[in-house]
Structure formats: C-alpha cells, structure tokens
Amino acid sequence: LKALTLGSACAPHERASARAMAASSLWQPSSSGALGFSVLGRAPQPGPLVVGQGSAVQAAHLAAAAPDIIGSAACLTAGAAAALAAAGLLAAAPAVAGRRGRRSLRRGGSMASPSSPRGSASAVARAAWPQSFVQGGSAEEVLQKVQWPQAWPYSANDFTRQDESDDLYFYNQPRLCTHVDDSFIGRLKTYYGRVFPQYPDARILDICSSWISHYPEEKTWSRVSITGMNEYELKENKQADDYTVRNLNVTPVLPYEDASFDIVTCTVSMDYLNKPLEVTKEVVRVLKPGGTVIFSTSNRCFPSKAVNIWLKTGDMEHVLIYGSYLHYAGGLEPPEAVDLSPPMSRMGFADPVLVITAKKKAS
C-alpha cells in the first residue's frame, strides 16, 4: 500500500488499493480521502497520514501500527525516511539532516560530527564532505561561500543505493502523478517563465523526464526534447516534441549532438543518478555556449533508489551536492542557487523549492 506513504505521489491503481484497504479494521480514510489515512487505536492523536508533507511523527505511528505493509519504495520526505528507518522499515538506516541544521538520525545513534581521519588531503575532504563545507544559512550563500575541494570529493559508496536491482523494474509501472506538491510546481513554473524568454525560440532538453515537465503554458521555445525511463510517461508529455527512453544509470550518454540545446532542465531526479558526474558532463556537452542548465530539487525521494549521499544529507547539503556536479563537470560558470520555497515549507507543510543553475562558458 504505497499510497499510505506516497500521498498524492502514487499511481491511480495504488490509490484504488488504498481505498479498498480503508474498509478494513486497521485503516480509515482521512478528510482528504485516499490521499491520507489514520491509524486507528494506535496514534495518540488521530489524523491523516500524509508522509509526503513531512510528518515524521505520523510515520513513526504507522511504523508501530503496521510494520509489515511499508515497502522501501515509498516516496518520503527526509524526516519521514528517518522515522521509518529508525523503526527498521527501510533496508538501511540513513542519516538524515534537517532543513537548516545538520543532525544525524541513526538507529540507536546520536548526533555526531565527521571525524578527522588520517590520510591524504582528498581522503580527509571526502570524510568531511559535504557537511563541513556548508557555509552560510541560505541556499544562495552555500554556493557563494563554498571552497571546493581540489578533487572530486565522493567515494563509490556515496552512489550506492538500497535497491541495486535493475531500474527497469522499478520504473516499469507508469506513474501519471506529481511527485512534488502544487506549490513546488507553481513556483518552478514561474521561475522557468522568467528564464526561458531569455532564450527566444530555444531548444530545450528535459532529462529524467516524465509525463509532465512543469514548463510554463506560454510557449517561448521552438522545440523540447525529453529523456526518461518509462516510454508511456514520455509519450504523455504534451510539451515534448520528441523523446528518448534512456537509463542514464546504465548508459550515461545523451543521444544528441554537441551544442544542441539552449537550456537543459532536470527536476527532482539528480539524486537517483549513480553516475552524476558523467551525466552532468554530457549536459555540458549538449549545451550551447551561453546556455543554461537548471537543476531543481526538494526533500522528497524514493529512498530505495536515491543514492547514499543524498539520504545522509539535508537541504543545504543537497544544494552543495548539486552545485558540485556542475562545478566538477567543467566548462561552466560558477553554479548559483536560489531558494524559492514557500514559508510553510519550514514547518513541513509545503515542499521546499531549491534551484541550482549554471551557464556554459562562451567558447
């Protein structure tokens, strides 16, 4: 019953299953219908379970009430993932950081700071990355103030995942739903609406795409190409002119000519790539000089498919991680970040909206 934790981010057949489960003695629908559920007789304060809104406490209630029904494929916020991990419902217990602070939530653990291991400078940087490199209290400051390590600061383990099975199986079922809330979509669409007109008649590429790209209704571009995992979803994308099915975790190569696009976008998906540097270098290759890459992210994910470094870090570290992909790819101007999050996101009632961008250097 993924709908119990996915909230609105689930397929129609999953919501139908959730409605059927509502007739049992354990679950009843909340005021939001199939999108939220209450645990009867278990939670101290009955209420809708919408883990996608950041309800770590309710996730813990669910964990105690029905540990056998929660799968590792749930789309969770960082706080909810930590609660389920602590209850032993995920394959691993990731460390999860808060929105502004950096706190570690581990099974049987406590707050900890990176140790200072002996060894090479690159090994020390990897051990401290990215937590110790976050400077400032905003997304903008994180990328303005960072002192980048000389070498790529990641280890192979950082890009391992709880579920290393073929991604084809995970993405085989079409998900014609949104994986972020309406506020996120609206704010990102508004941001695109300011940037896209700067490139009249642009060619745009949306990687890791789906049935919706969150582009503005007013068309200012000439052509949109998209890549993604599920062909049915890609066919349903009304803003796309052409599509290519491509598993970038297996083949991190974009099937396009050099300098083909004015803009490349990727929405809440870079955290699933196990070869992010290779993919970002491809993004740079297909961008025209002066073109812009726009990565956007929030705090929801499928924890079983998100890479290890993502699950162990919070929003500000995520900005730094995305920025590092752009920095180490080469050929780009210094990456910048903008926080478009609504005020309610600080209290867990809306999804944060973080955008990381960079322009390709002029040749």
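With buried (at least 22 other Cβ atoms within 10 Å of the Cβ) and more than 19 Å from the chain's Cα centre (by Cα) as the only criterion, which of VAL253, VAL286 stands out?
The match here is VAL286.
Would you check if there is a residue in segment 259-268 being out of contact with any helix residue (DSSP H, G or I) (no Cβ under 7 Å at 6 or more places or on another chain), aromatic (Phe, Trp, Tyr) and either open to solvent by less than 10 Å² (accessible area, probe 1.4 Å) or more than 18 Å from GLU164 (Cα to Cα) (or both)?
Checked against the condition, which is being out of contact with any helix residue (DSSP H, G or I) (no Cβ under 7 Å at 6 or more places or on another chain), aromatic (Phe, Trp, Tyr) and either open to solvent by less than 10 Å² (accessible area, probe 1.4 Å) or more than 18 Å from GLU164 (Cα to Cα) (or both), segment 259-268 yields no hits at all.
Mind listing whichever residues of segment 224-250 are of a type in the set (Val, Ile, Thr) and open to solvent by 10 Å² or more (accessible area, probe 1.4 Å)?
Listed by number, the residues that qualify are THR244, VAL245, VAL250.
State yes or no: is ALA151 of a type in the set (A, V, I, L, M) and buried (at least 16 other Cβ atoms within 10 Å of the Cβ)?
No, not satisfied.
Could you check segment 193-214 and list, in sequence order, the residues that are touching a residue at least 40 places away in the same chain (Cβ under 8 Å) and in contact with a helix residue (DSSP H, G or I) (Cβ under 6 Å, 6 or more places away or on another chain)?
Of everything in segment 193-214, just one residue is touching a residue at least 40 places away in the same chain (Cβ under 8 Å) and in contact with a helix residue (DSSP H, G or I) (Cβ under 6 Å, 6 or more places away or on another chain), namely HIS214.
Return only the number of the condition from (1) surrounded by fewer than 20 Cβ atoms within 10 Å (Cβ to Cβ); (2) under 18 Å from the mean Cα position of the chain (by Cα); (3) modelled with pLDDT of 95 or more that ILE212 does not satisfy.
Tallying (1) surrounded by fewer than 20 Cβ atoms within 10 Å (Cβ to Cβ); (2) under 18 Å from the mean Cα position of the chain (by Cα); (3) modelled with pLDDT of 95 or more, ILE212 fails exactly one: (3).
I'd like to check something: does segment 299-308 contain any residue that is in contact with a helix residue (DSSP H, G or I) (Cβ under 7 Å, 6 or more places away or on another chain), under 19 Å from TRP148 (Cβ atoms) and either of a type outside the set (Lys, Arg) or surrounded by fewer than 21 Cβ atoms within 10 Å (Cβ to Cβ) (or both)?
no
Name the residues in segment 326-344 that are surrounded by fewer than 23 Cβ atoms within 10 Å (Cβ to Cβ) and assigned to a helix (DSSP H, G or I), would you?
Listed by number, the residues that qualify are HIS327, TYR328, ALA329, PRO343, MET344.
Take TYR243 and decide whether it is aromatic (Phe, Trp, Tyr) and within 22 Å of TYR154 (Cα to Cα).
The answer is no for TYR243.
I'd like the residue in segment 230-271 that is touching a residue at least 24 places away in the same chain (Cβ under 8 Å) and of a type in the set (Asp, Glu) and, out of all such residues, is nearest to ILE204 (Cα to Cα).
Filtering first and then ranking leaves ASP262.
The values are calculated or read from the model by the stated rules, or taken from the named source; none is laboratory data. Computed from a predicted structure; not experimentally measured. Every residue, glycine among them, receives a Cβ derived from its backbone with ideal geometry; neighbour counts consider all protein chains shown. To get the accessible areas, we keep the full protein, side chains included, count just its heavy atoms, and leave off ligands, DNA and RNA. Shrake-Rupley method; radii C 1.70, N 1.55, O 1.52, S 1.80 Å.
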